[in-house]
Amino acid sequence: MPEIASRCHVEAIAYLAEKAVSEAGIVKSDIDAVAVTYAPGLIGALLVGMNFAKTCAFALGVPLIPVHHIRGHIAANYLAYPELEPPFLCLAISGGNTMLIRVDGYTDMKIIGSTRDDAAGECFDKTARVLGLPYPGGKPVEQLSQGGDDSRYVFPIAHVTDNEFDMSFSGLKTAVINLVHNCGQTGKDLDRASLAASFTKAVSESLVPRTMLAAERFGFKKVVVAGGVAANKRIRADFKEACENRGLILYIPPLKLCGDNGAMIGSQAYYEFLAGNTAGTDLNAYANMDI
Ligand code: KG4
(Lines give C-alpha, C1' and ligand atoms only; values in the text may rest on other atoms or scores of the structure.)
Protein backbone atom coordinates (compact mmCIF):
# COMPACT_ATOMS: atom_id res chain seq x y z
CA MET A 1 0.00 0.00 0.00
CA PRO A 2 2.07 2.91 -1.30
CA GLU A 3 0.21 5.57 0.68
CA ILE A 4 0.76 3.75 3.96
CA ALA A 5 4.43 3.20 3.06
CA SER A 6 4.82 6.97 2.52
CA ARG A 7 3.21 7.77 5.87
CA CYS A 8 5.47 5.27 7.63
CA HIS A 9 8.45 7.04 6.04
CA VAL A 10 7.22 10.37 7.43
CA GLU A 11 6.90 8.84 10.91
CA ALA A 12 10.33 7.21 10.89
CA ILE A 13 12.66 9.50 8.99
CA ALA A 14 13.55 12.25 11.48
CA TYR A 15 14.06 9.79 14.33
CA LEU A 16 16.12 7.50 12.11
CA ALA A 17 18.39 10.30 10.90
CA GLU A 18 19.00 11.46 14.49
CA LYS A 19 19.77 7.89 15.53
CA ALA A 20 22.19 7.37 12.62
CA VAL A 21 24.09 10.55 13.48
CA SER A 22 24.29 9.62 17.15
CA GLU A 23 25.35 6.00 16.49
CA ALA A 24 28.03 7.24 14.09
CA GLY A 25 29.44 9.26 17.01
CA ILE A 26 29.41 12.52 15.03
CA VAL A 27 27.65 15.86 15.33
CA LYS A 28 25.61 17.42 12.54
CA SER A 29 28.33 19.96 11.73
CA ASP A 30 30.61 17.01 10.77
CA ILE A 31 28.33 16.21 7.81
CA ASP A 32 29.97 17.23 4.50
CA ALA A 33 27.10 16.39 2.15
CA VAL A 34 23.65 14.79 2.14
CA ALA A 35 22.98 11.87 -0.20
CA VAL A 36 19.49 10.80 -1.17
CA THR A 37 17.84 8.10 -3.28
CA TYR A 38 15.80 9.94 -5.91
CA ALA A 39 14.93 7.04 -8.28
CA PRO A 40 13.57 4.46 -8.93
CA GLY A 41 10.96 3.32 -6.40
CA LEU A 42 7.58 4.09 -4.85
CA ILE A 43 7.17 7.75 -5.64
CA GLY A 44 5.53 8.75 -2.34
CA ALA A 45 8.27 7.19 -0.24
CA LEU A 46 10.99 8.70 -2.46
CA LEU A 47 9.44 12.16 -2.11
CA VAL A 48 9.47 11.92 1.69
CA GLY A 49 13.17 11.02 1.72
CA MET A 50 14.03 13.61 -0.87
CA ASN A 51 12.28 16.48 0.89
CA PHE A 52 13.91 15.53 4.18
CA ALA A 53 17.33 15.38 2.49
CA LYS A 54 16.81 18.74 0.75
CA THR A 55 15.88 20.33 4.05
CA CYS A 56 18.94 18.86 5.81
CA ALA A 57 21.29 19.95 3.02
CA PHE A 58 19.82 23.46 3.01
CA ALA A 59 19.91 23.80 6.81
CA LEU A 60 23.49 22.50 7.06
CA GLY A 61 24.67 24.47 4.00
CA VAL A 62 26.14 21.35 2.35
CA PRO A 63 25.73 19.78 -1.14
CA LEU A 64 22.80 17.52 -1.97
CA ILE A 65 23.77 14.39 -3.92
CA PRO A 66 21.11 12.43 -5.84
CA VAL A 67 21.75 8.68 -6.01
CA HIS A 68 20.09 6.07 -8.24
CA HIS A 69 18.90 3.22 -6.02
CA ILE A 70 20.52 0.44 -8.09
CA ARG A 71 23.80 2.34 -8.29
CA GLY A 72 23.63 2.27 -4.50
CA HIS A 73 23.22 -1.51 -4.45
CA ILE A 74 26.30 -1.84 -6.65
CA ALA A 75 28.26 0.54 -4.41
CA ALA A 76 27.54 -1.61 -1.34
CA ASN A 77 30.37 -3.73 -2.72
CA TYR A 78 32.91 -0.86 -2.54
CA LEU A 79 32.28 -0.71 1.22
CA ALA A 80 32.84 -4.44 1.64
CA TYR A 81 35.72 -4.73 -0.86
CA PRO A 82 37.81 -1.53 -0.98
CA GLU A 83 40.03 -3.14 -3.65
CA LEU A 84 37.09 -3.46 -6.07
CA GLU A 85 37.24 -1.03 -9.00
CA PRO A 86 35.29 -0.84 -12.27
CA PRO A 87 35.12 -2.21 -14.91
CA PHE A 88 33.03 -5.21 -13.89
CA LEU A 89 29.76 -6.95 -14.65
CA CYS A 90 27.02 -6.61 -12.03
CA LEU A 91 23.85 -8.60 -11.51
CA ALA A 92 21.46 -6.55 -9.38
CA ILE A 93 18.73 -8.73 -7.87
CA SER A 94 16.23 -7.08 -5.57
CA GLY A 95 12.52 -6.89 -4.83
CA GLY A 96 11.76 -4.45 -7.65
CA ASN A 97 14.60 -4.97 -10.13
CA THR A 98 16.59 -7.76 -11.74
CA MET A 99 19.21 -6.53 -14.18
CA LEU A 100 22.61 -7.23 -15.67
CA ILE A 101 24.71 -4.10 -15.81
CA ARG A 102 28.05 -3.22 -17.38
CA VAL A 103 29.83 -1.06 -14.86
CA ASP A 104 32.51 0.69 -16.92
CA GLY A 105 33.17 3.39 -14.32
CA TYR A 106 31.86 4.48 -10.92
CA THR A 107 29.23 6.64 -12.65
CA ASP A 108 29.29 5.03 -16.10
CA MET A 109 26.90 2.09 -16.39
CA LYS A 110 24.68 0.43 -18.96
CA ILE A 111 21.91 -2.15 -18.56
CA ILE A 112 22.50 -5.11 -20.87
CA GLY A 113 19.60 -7.27 -19.74
CA SER A 114 16.71 -7.16 -17.30
CA THR A 115 13.57 -8.98 -16.35
CA ARG A 116 10.65 -8.56 -18.72
CA ASP A 117 8.13 -9.01 -15.90
CA ASP A 118 8.60 -9.85 -12.21
CA ALA A 119 11.83 -9.24 -10.33
CA ALA A 120 13.56 -12.24 -8.72
CA GLY A 121 12.81 -10.92 -5.22
CA GLU A 122 9.16 -10.38 -6.09
CA CYS A 123 9.04 -14.03 -7.18
CA PHE A 124 10.42 -15.09 -3.75
CA ASP A 125 7.81 -12.85 -2.08
CA LYS A 126 4.90 -14.32 -4.11
CA THR A 127 6.11 -17.87 -3.45
CA ALA A 128 6.24 -17.09 0.26
CA ARG A 129 2.73 -15.66 0.16
CA VAL A 130 1.19 -18.71 -1.49
CA LEU A 131 2.93 -20.86 1.15
CA GLY A 132 1.55 -18.65 3.95
CA LEU A 133 5.00 -17.32 4.91
CA PRO A 134 5.63 -13.73 6.05
CA TYR A 135 6.73 -10.78 3.88
CA PRO A 136 9.41 -10.17 2.68
CA GLY A 137 9.49 -13.80 1.66
CA GLY A 138 13.11 -14.39 0.59
CA LYS A 139 14.49 -15.36 3.97
CA PRO A 140 11.50 -17.50 5.06
CA VAL A 141 11.63 -19.38 1.72
CA GLU A 142 15.37 -19.89 2.23
CA GLN A 143 14.79 -21.26 5.74
CA LEU A 144 12.01 -23.55 4.51
CA SER A 145 14.24 -24.88 1.72
CA GLN A 146 16.80 -26.29 4.19
CA GLY A 147 16.74 -30.06 3.95
CA GLY A 148 14.44 -29.98 0.91
CA ASP A 149 15.17 -31.95 -2.28
CA ASP A 150 15.82 -29.43 -5.06
CA SER A 151 15.05 -31.97 -7.80
CA ARG A 152 11.67 -33.05 -6.40
CA TYR A 153 9.74 -30.46 -8.46
CA VAL A 154 10.72 -29.26 -11.92
CA PHE A 155 9.98 -25.60 -12.55
CA PRO A 156 10.29 -23.70 -15.84
CA ILE A 157 13.32 -21.55 -16.62
CA ALA A 158 12.33 -18.92 -19.15
CA HIS A 159 14.42 -18.06 -22.19
CA VAL A 160 13.51 -14.75 -23.70
CA THR A 161 13.73 -14.02 -27.41
CA ASP A 162 15.49 -10.92 -28.84
CA ASN A 163 17.93 -10.45 -25.98
CA GLU A 164 19.60 -13.49 -24.41
CA PHE A 165 20.45 -11.42 -21.32
CA ASP A 166 16.82 -10.55 -20.55
CA MET A 167 15.02 -12.68 -17.98
CA SER A 168 11.46 -13.59 -17.01
CA PHE A 169 10.10 -14.87 -13.71
CA SER A 170 6.32 -14.68 -14.15
CA GLY A 171 6.07 -18.24 -15.55
CA LEU A 172 8.01 -19.59 -12.58
CA LYS A 173 5.77 -17.70 -10.18
CA THR A 174 2.62 -19.06 -11.88
CA ALA A 175 4.02 -22.61 -11.84
CA VAL A 176 4.59 -22.41 -8.07
CA ILE A 177 1.10 -21.00 -7.45
CA ASN A 178 -0.49 -23.68 -9.68
CA LEU A 179 1.39 -26.48 -7.92
CA VAL A 180 0.29 -25.29 -4.47
CA HIS A 181 -3.35 -24.84 -5.54
CA ASN A 182 -3.37 -28.15 -7.36
CA CYS A 183 -2.14 -30.02 -4.28
CA GLY A 184 -4.73 -28.19 -2.14
CA GLN A 185 -7.58 -29.14 -4.50
CA THR A 186 -6.60 -32.77 -5.08
CA GLY A 187 -5.46 -33.47 -1.53
CA LYS A 188 -1.99 -34.49 -2.79
CA ASP A 189 0.86 -34.11 -0.30
CA LEU A 190 2.92 -30.98 -0.84
CA ASP A 191 6.56 -31.29 0.19
CA ARG A 192 7.00 -27.63 1.13
CA ALA A 193 10.73 -27.82 1.84
CA SER A 194 11.38 -29.45 -1.54
CA LEU A 195 9.15 -26.91 -3.27
CA ALA A 196 11.20 -24.07 -1.72
CA ALA A 197 14.47 -25.80 -2.67
CA SER A 198 13.33 -26.57 -6.25
CA PHE A 199 12.03 -23.03 -6.69
CA THR A 200 15.31 -21.50 -5.48
CA LYS A 201 17.24 -23.78 -7.82
CA ALA A 202 15.11 -22.54 -10.75
CA VAL A 203 15.76 -18.89 -9.81
CA SER A 204 19.47 -19.59 -9.53
CA GLU A 205 19.53 -21.37 -12.89
CA SER A 206 17.88 -18.33 -14.46
CA LEU A 207 20.50 -16.01 -13.03
CA VAL A 208 23.87 -17.76 -12.89
CA PRO A 209 24.32 -19.09 -16.48
CA ARG A 210 23.12 -15.79 -17.98
CA THR A 211 25.56 -13.83 -15.87
CA MET A 212 28.40 -16.17 -16.83
CA LEU A 213 27.49 -15.84 -20.51
CA ALA A 214 27.47 -12.03 -20.24
CA ALA A 215 30.85 -12.00 -18.46
CA GLU A 216 32.31 -14.14 -21.23
CA ARG A 217 30.66 -12.19 -24.07
CA PHE A 218 31.79 -8.78 -22.80
CA GLY A 219 35.15 -9.99 -21.49
CA PHE A 220 34.67 -9.12 -17.82
CA LYS A 221 36.97 -10.79 -15.31
CA LYS A 222 35.13 -9.49 -12.25
CA VAL A 223 31.50 -10.35 -11.40
CA VAL A 224 29.56 -8.46 -8.75
CA VAL A 225 26.20 -9.56 -7.35
CA ALA A 226 24.08 -7.01 -5.47
CA GLY A 227 20.62 -6.52 -3.95
CA GLY A 228 18.42 -8.27 -1.39
CA VAL A 229 18.29 -11.63 -3.22
CA ALA A 230 22.11 -11.77 -3.14
CA ALA A 231 21.64 -12.77 0.52
CA ASN A 232 20.38 -16.18 -0.58
CA LYS A 233 22.82 -18.96 0.41
CA ARG A 234 22.04 -21.23 -2.53
CA ILE A 235 22.41 -18.41 -5.06
CA ARG A 236 25.66 -17.26 -3.41
CA ALA A 237 27.05 -20.81 -3.51
CA ASP A 238 26.07 -21.30 -7.17
CA PHE A 239 27.76 -18.04 -8.17
CA LYS A 240 30.87 -18.98 -6.20
CA GLU A 241 31.15 -22.32 -7.94
CA ALA A 242 30.44 -20.94 -11.43
CA CYS A 243 32.99 -18.12 -11.03
CA GLU A 244 35.65 -20.46 -9.62
CA ASN A 245 35.18 -22.81 -12.58
CA ARG A 246 35.77 -19.95 -15.02
CA GLY A 247 38.55 -18.15 -13.16
CA LEU A 248 36.35 -15.10 -12.54
CA ILE A 249 36.63 -13.01 -9.38
CA LEU A 250 33.32 -12.83 -7.52
CA TYR A 251 32.18 -10.06 -5.18
CA ILE A 252 28.96 -10.39 -3.17
CA PRO A 253 28.31 -8.06 -0.21
CA PRO A 254 28.07 -9.45 3.32
CA LEU A 255 24.43 -10.11 4.30
CA LYS A 256 23.93 -6.79 6.10
CA LEU A 257 24.81 -4.85 2.92
CA CYS A 258 22.70 -6.95 0.50
CA GLY A 259 19.27 -5.54 1.36
CA ASP A 260 18.37 -1.85 1.16
CA ASN A 261 20.53 0.28 3.45
CA GLY A 262 21.67 3.86 3.80
CA ALA A 263 25.39 3.09 3.75
CA MET A 264 25.29 1.95 0.13
CA ILE A 265 23.66 5.24 -0.90
CA GLY A 266 26.43 7.13 0.90
CA SER A 267 29.02 4.95 -0.81
CA GLN A 268 27.75 5.74 -4.32
CA ALA A 269 27.25 9.41 -3.37
CA TYR A 270 31.01 9.71 -2.83
CA TYR A 271 31.65 8.84 -6.48
CA GLU A 272 28.74 10.98 -7.72
CA PHE A 273 30.22 13.91 -5.80
CA LEU A 274 33.65 13.36 -7.35
CA ALA A 275 31.97 13.33 -10.78
CA GLY A 276 30.29 16.67 -9.99
CA ASN A 277 26.79 15.19 -9.74
CA THR A 278 25.14 17.37 -7.12
CA ALA A 279 21.60 18.80 -7.21
CA GLY A 280 19.67 21.88 -6.20
CA THR A 281 16.41 22.12 -4.29
CA ASP A 282 14.54 21.68 -7.59
CA LEU A 283 15.58 17.98 -7.64
CA ASN A 284 12.61 15.71 -8.38
CA ALA A 285 11.98 12.02 -7.59
CA TYR A 286 11.20 9.46 -10.31
CA ALA A 287 9.40 6.12 -10.03
CA ASN A 288 11.36 4.79 -13.02
CA MET A 289 14.74 5.82 -14.34
CA ASP A 290 17.47 4.24 -16.42
CA ILE A 291 20.62 3.58 -14.47
O1 KG4 B 1 17.35 -4.99 -2.23
P2 KG4 B 1 16.14 -5.15 -1.36
O3 KG4 B 1 16.33 -5.07 0.13
O4 KG4 B 1 15.03 -4.12 -1.72
C5 KG4 B 1 14.78 -3.66 -3.01
O6 KG4 B 1 15.53 -2.77 -3.45
O7 KG4 B 1 13.83 -4.22 -3.60
O8 KG4 B 1 15.53 -6.56 -1.78
C9 KG4 B 1 14.39 -7.06 -1.16
C10 KG4 B 1 14.10 -8.41 -1.76
C11 KG4 B 1 12.78 -8.99 -1.28
O12 KG4 B 1 12.04 -9.43 -2.38
C13 KG4 B 1 13.23 -10.15 -0.39
O14 KG4 B 1 12.29 -11.21 -0.36
C15 KG4 B 1 14.53 -10.57 -1.04
O16 KG4 B 1 15.14 -9.35 -1.40
N17 KG4 B 1 15.40 -11.33 -0.14
C18 KG4 B 1 15.81 -12.59 -0.37
C19 KG4 B 1 16.57 -12.99 0.76
N20 KG4 B 1 16.62 -11.94 1.64
C21 KG4 B 1 15.89 -10.92 1.05
N22 KG4 B 1 15.57 -13.42 -1.40
C23 KG4 B 1 16.10 -14.65 -1.34
N24 KG4 B 1 16.81 -15.11 -0.30
C25 KG4 B 1 17.09 -14.32 0.78
N26 KG4 B 1 17.81 -14.78 1.80
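A few comments on the model shown:
- Taken as a whole, the stretch 98-107 holds at least one residue that is more than 8 Å from the ligand (Cβ to nearest atom), over 17 Å from D166 (Cα atoms), modelled with pLDDT of 95 or more and open to solvent by 50 Å² or more (accessible area, probe 1.4 Å).
- Close Cβ contacts (under 6 Å, 6 or more residues apart or on different chains) running from residues in the stretch 210-222 that are in the same structural domain as P87 (by TED's automatic domain parsing) and closer than 20 Å to M167 by Cα to residues that are assigned to a helix (DSSP H, G or I) and small (G, A, S) comprise M212/A242.
- The single residue among R236, R217 that is within 11 Å of the ligand (Cβ to nearest atom) and open to solvent by 50 Å² or more (accessible area, probe 1.4 Å) turns out to be R236.
- Residue within the stretch 161-171 that is under 12 Å from L91 (Cα atoms), in a loop (DSSP other than H, G, I, E, B) and touching a residue at least 12 places away in the same chain (Cβ under 8 Å) present: yes
- Output for the stretch 251-270, where each listed residue is of a type in the set (S, T, Y) and in the same structural domain as K240 (by TED's automatic domain parsing): Y251
- Complete set of residues in the stretch 132-152 that are touching a Leu at 6+ places or on another chain (Cβ under 6 Å) and open to solvent by 30 Å² or more (accessible area, probe 1.4 Å): none
- From the options A287, A231, residue that is of a type in the set (G, A, S) and farther than 18 Å from V203 by Cβ: A287
- Residue in the stretch 65-77 that is within 19 Å of the chain's Cα centre (by Cα) and more than 30 Å from A158 (Cα to Cα) present: yes
- For first residues located in the stretch 125-153 and within 11 Å of the ligand (Cβ to nearest atom), partners that are of a type in the set (D, E) and lie 6+ apart or on another chain with Cβ distances below 9 Å form the pairs K126/D118; Y135/D125; P136/D125; G137/D125; G138/D125; V141/D125.
- Listed conditions (1) within 24 Å of A242 (Cα to Cα); (2) in contact with a Cys (Cβ under 9 Å, 6 or more places away or on another chain) are all met by L190, apart from (1).
- The residue of the stretch 246-291 that is nearest to the ligand (Cβ to nearest atom), among those that are more than 27 Å from G113 (Cβ to Cβ) and of a type in the set (F, W, Y), is Y270.
- Pair list, Cβ under 6 Å, 6 or more apart: the stretch 233-258 residue small (G, A, S), other residue away from the ligand (no atom under 12 Å from the Cβ): A242/V208; A242/M212
- For the residues G72, G61, G41, G49, the requirement of being touching a helix residue (DSSP H, G or I) at 6+ places or on another chain (Cβ under 7 Å) and over 30 Å from F220 (Cα atoms) singles out G49.
- Of everything listed in (1) within 16 Å of the ligand (Cβ to nearest atom); (2) in contact (Cβ under 8 Å) with a residue 60 or more places away in the chain; (3) open to solvent by less than 20 Å² (accessible area, probe 1.4 Å), the single unmet condition for S198 is (2).
- The stretch 31-53, residues that are under 19 Å from A92 (Cβ atoms) and either open to solvent by 60 Å² or more (accessible area, probe 1.4 Å) or without any contact (Cβ under 8 Å) to a residue 40 or more places away in the chain (or both): L42
The values are calculated or read from the model by the stated rules, or taken from the named source; none is laboratory data. Since the model is a prediction, treat every value here as computed from it, not as a measurement. Don't worry about glycine lacking a Cβ; one is built from the backbone with ideal geometry, like all the others, and counts go over all protein chains shown. Accessible surface is based on the protein model in full, side chains and every heavy atom, while ligands, DNA and RNA are left aside. Shrake-Rupley method; radii C 1.70, N 1.55, O 1.52, S 1.80 Å.
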